[in-house]
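One structure is given here, and the rest of the page talks about it.
The values are calculated or read from the model by the stated rules, or taken from the named source; none is laboratory data. Model, not experiment: these values are computed from the prediction. Here Cβ is always computed from backbone atoms with ideal geometry, including for glycine, and neighbour counts include all displayed protein chains.
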Amino acid sequence: MIRTPSHPTTASATSFHELPRRAFFATIAGLMLAMLLAALDQTIVGTAMPRVVAELGGFEHYTWVITGYMVASTVVVPIVGKLSDLHGRKPYYLPGVALFLLGSALCGAAQDMTQLIVFRGIQGLGAGIGQVMAFTTIGDLFPPARRGRAQGIMASVFGLASILGPTAGGYITDNLSWRWVFYVNLPLGLLALTVLALAFPNIKPNRPHRGIDFRGALLLTAGVVPLLLAVSWGGNRYAWASPTELALFAAAIFFAALFVWNESRAAEPILPLHLFRNRILVVSLGTMFLTAIGMFGSILFIPLFIQGVIGASATTSGNMLTPMMFSFIIGSTVSGQLLNRTGRYRAQAIVSLAIVTIGMVLLSTMDSQTALGTAIAYMVVVGIGMGGTMPVFSVVSQNAVPYAELGVVTSASSFFRTIGGSIGAAVMGSLLTNRFVVSFPENLASAVGPDRLRSLPPQLLHAFDNPQALFARDSAGSSSQFGQVLTQLGPDGKAIGEAIILAVRLSLSDAIHTAFLAGAVLAALGLVLAFFLKEIPLRRSNRPEVGEAEGAVTPAVSR
């Protein structure tokens, strides 16, 4: 229940549960605006990137626009989570939103690809701070027993952004300029910043602390950056066993070991190691990590399957993602409501993960004969399960530790989920490519015939070393190199071309099937792990327990 003190100003509140009603709801509005802003940016920029590259050049740096943002937003999360536990949320939340807006303005004004990459890094720092502060503040405003509904609504914001982002990005790019994809953040962001500046309480934890763990922050950054670069480049820019990849992984392991050593000795560690003695938290983080690898790593290839295997257009592919995101919103909303009403999370976690696993298995059964309606139904199943897991594990993690460590545990949850998603995207992408390379020669020999295969020009076959060549051919038509070579083959050229396209579609189907199946296995492992999730009552208040001083640090115990 929200307490409404006789004095109406936010300055009088000494903790979040004492906020006046007006300040409470204004804070919620500011949180949702800032969250929508950051979530939209992740989905709106992708549609503009081809136009950005066409104008600025630097295609070889294309992936850095995404990688730079991802690295910056991931690295800052654990650091700012800990700092906010020490100094309060407002000193970091408002500068985070301001940094995001600065990065957006600079991105819109970028004159070359190098500038855009640097400015996207600035934007990523702001986005990482803003997102972890939003979810942490929800934990401040609502005790665990009442937090499910709010977490479900905040998770739905991501689903809404996934629906609106690509459409808005395409419209803005076509009718205004790609620069407005970044500039459009400014009015919404300034509104969110104004609301938060006026309404967001500056409540400082009533706890002593022993300085900031700068060395831990540096070591964490030194460990995460090479890991993210390795998984982003592996199997794509460099072979997994290349010296560059091995050096990056070695650096990540080395600095991670130093980070753990430092955290065991630091007075105020960025990521306190005693958290990992908490069985509930370990199971929760492990489950989020596994499911992030499986879910986010494999569903990236749904548009590729729809376009490359089923043969639908890019527009149809984008439209087909909408039902899945709506089901995600429904799943997260219903999950949050159930959590609020029942206060039980273990059964809900198991059921949600079972739905995800079933959905991933269904996706793995799709082939070139699958109807669009069937594919949509399978995607809806996955969306409901994904949405159901989001509020549950956020609340479980936050409920498992003392309130004084809310920021660090919220940031740890975001960190493990992001790292899992990054690893999943890289590993699944490599798995898909390797399977395609093996499957294509077999399907090609079957479709064309061994004798005719030996007589085909090598450049014709090399056009499909990458599955994306299928789309290049469809968009370029007879003017492409593929079409020109087919023309030189005479009357049989058209039939040979159709046979090759069939082989590509079958091979792509085999490859994506493997990725979906791997995602199903990982989701199943997460499901098994969830059975070890111990259920404890959800706290009904954020007030300190008897014997615990306000804001005191109490090591988490195994529950």
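Things to note:
- Residue check for R346: among the basic types (K, R) and touching a residue at least 40 places away in the same chain (Cβ under 8 Å): yes
- Of everything in segment 290-316 that is small (G, A, S) and either assigned to a loop (DSSP other than H, G, I, E, B) or under 15 Å from S364 (Cα atoms) (or both), the residue that is modelled with the highest pLDDT is G294.
- Condition met for G189 (farther than 23 Å from T333 by Cα, buried (at least 20 other Cβ atoms within 10 Å of the Cβ) and of a type in the set (G, A, S)): yes
- Number of positions in segment 343-370 that are at pLDDT below 85 and either under 19 Å from S397 (Cα atoms) or of a type outside the set (S, T, N, Q) (or both): 2
- Looking at L527, L508, just one residue is assigned to a helix (DSSP H, G or I), modelled with pLDDT of 70 or more and in contact with a Gly (Cβ under 6 Å, 6 or more places away or on another chain), and that residue is L508.
- The residue list L160, L164 contains one member that is within 19 Å of the chain's Cα centre (by Cα) and under 27 Å from V53 (Cβ atoms), which is L164.
- Contact map, segment 285-306: residues that are without any contact (Cβ under 8 Å) to a residue 24 or more places away in the chain paired with residues that are of a type in the set (S, T, N, Q) and surrounded by fewer than 21 Cβ atoms within 10 Å (Cβ to Cβ), Cβ distance under 8 Å, separation 6+ or inter-chain. Pairs shown: P303/S317.
- Filtered by the rule that a residue be over 25 Å from M324 (Cα atoms) and either in a helix (DSSP H, G or I) or not polar (S, T, N, Q) (or both), segment 160-178 gives D174, N175, L176, W178.
- Only one of the numbered conditions (1) at pLDDT below 80; (2) buried (at least 23 other Cβ atoms within 10 Å of the Cβ); (3) assigned to a helix (DSSP H, G or I) is not met by V157, and that is (2).
- Per-region count, segment 123-154, residues more than 27 Å from L339 (Cβ to Cβ) and surrounded by fewer than 20 Cβ atoms within 10 Å (Cβ to Cβ): 0
- Boolean, S162 is at pLDDT below 75 and hydroxyl-bearing (S, T, Y): yes
- Unique match (being touching a helix residue (DSSP H, G or I) at 6+ places or on another chain (Cβ under 6 Å) and modelled with pLDDT under 90) among G373, G407: G407
- Condition check for V181: hydrophobic (A, V, I, L, M, F, W, C), more than 30 Å from V65 (Cβ to Cβ) and either in contact with a Lys or Arg (Cβ under 6 Å, 6 or more places away or on another chain) or not in a loop (DSSP other than H, G, I, E, B) (or both): no
- One residue stands out in segment 8-66 among those that are modelled with pLDDT under 75 and of a type in the set (F, W, Y): the one that is nearest to R89 (Cα to Cα), namely F16.
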